[in-house]
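Some notes on the structure that comes next.
The values are calculated or read from the model by the stated rules, or taken from the named source; none is laboratory data. Here the structure is a predicted model, which means the values were calculated and not measured. Note that we place each Cβ from the backbone using ideal geometry, even for glycine, and neighbour counts take in every protein chain shown. Surface areas here come from the heavy atoms of the whole protein model, side chains and all, with no ligands, DNA or RNA. Shrake-Rupley method; radii C 1.70, N 1.55, O 1.52, S 1.80 Å.
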Amino acid sequence: KTELDAVIMAGLYEDRLSTKFKDELPKTAAQVNVAVARTSDEALANQIRSIVSRPNVDFSQVASQNSVSASTGGLKTGAPLWVTLDELDGPTKDAVQKLKAGEVSPVVKVGDYYEVYKAIELSADREVTDASKDNLANKKILDWLNKAVADLKPERTLDKTREDWITNHAVADY
């Protein structure tokens with residue numbers, strides 16, 4: 001088979017896995033409507049947190065005016081987005097899962113950025129959106145693939161012809 005055939009087959013398998021994983025997801029799940037402010041400056045992040053923690057301050061407006069545009073886990077700066085906690089990773093998940101509706105997180109270091117999250121609203125049983133299903137299926141595919149790669153046990157034996165070629169050509173050149 002050609003390399004193109006292998007790429008096409010891999011794409012078909014990925015599509016089938018994605019469909020399988022999406023079909024296994026529940027129709028509804030606990031979710032949080034969360035907004036994020038993101039900056040590369042820790043002092044500015046602390047200032048943003050201080051401002052948005054005050055009553056009657058529009059988190060989205062402050063975040064949009066003071067954030068960089070890089071995205072983390074599908075969250076866009078300022079604009080609230082409904083997500084399941086399973087869509088979030090690492091420090092983002094740790095910070096968001098502790099919030100109650102209306103609460104603002106401490107400043108969180110995520111990669112090269114400092115982020116502040118606000119839980120706008122919580123729902124114990126909200127319909128899972130297609131975007132969330134895509135995110136969750138992709139995450140499950142990556143988890144499955146990483147585990148499969150880690151479990152590979154490549155053979156280290158070579159037939160005599162290949163071993164001789166390596167010894168005579170590749171090793172001899174060094």
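Being aliphatic (A, V, I, L, M), open to solvent by 90 Å² or more (accessible area, probe 1.4 Å), modelled with pLDDT under 90 and out of contact with any helix residue (DSSP H, G or I) (no Cβ under 7 Å at 6 or more places or on another chain) is a property that does not hold for L145. Which of the residues spanning region 18-43 are under 16 Å from N135 (Cβ atoms) and open to solvent by less than 40 Å² (accessible area, probe 1.4 Å)? Selection gives S18, F21, A29, Q31, V32, N33, V34, V36. Scanning region 98-108 for residues that are open to solvent by 70 Å² or more (accessible area, probe 1.4 Å) and touching a residue at least 40 places away in the same chain (Cβ under 8 Å) yields one hit, P106. When you check Q47 against the structure, is it of a type outside the set (A, V, I, L, M) and touching a helix residue (DSSP H, G or I) at 6+ places or on another chain (Cβ under 9 Å), yes or no? In short, yes. Inspection of region 39-53 identifies no residue that is touching a Gly at 6+ places or on another chain (Cβ under 8 Å) and either within 30 Å of D15 (Cα to Cα) or touching a residue at least 24 places away in the same chain (Cβ under 8 Å) (or both). Kindly indicate whether any position in region 112-134 is surrounded by fewer than 16 Cβ atoms within 10 Å (Cβ to Cβ), closer than 17 Å to R54 by Cα and out of contact with any Ser or Thr (no Cβ under 7 Å at 6 or more places or on another chain). Within region 112-134 (the criterion being surrounded by fewer than 16 Cβ atoms within 10 Å (Cβ to Cβ), closer than 17 Å to R54 by Cα and out of contact with any Ser or Thr (no Cβ under 7 Å at 6 or more places or on another chain)), the answer is no, since none of the residues qualifies.
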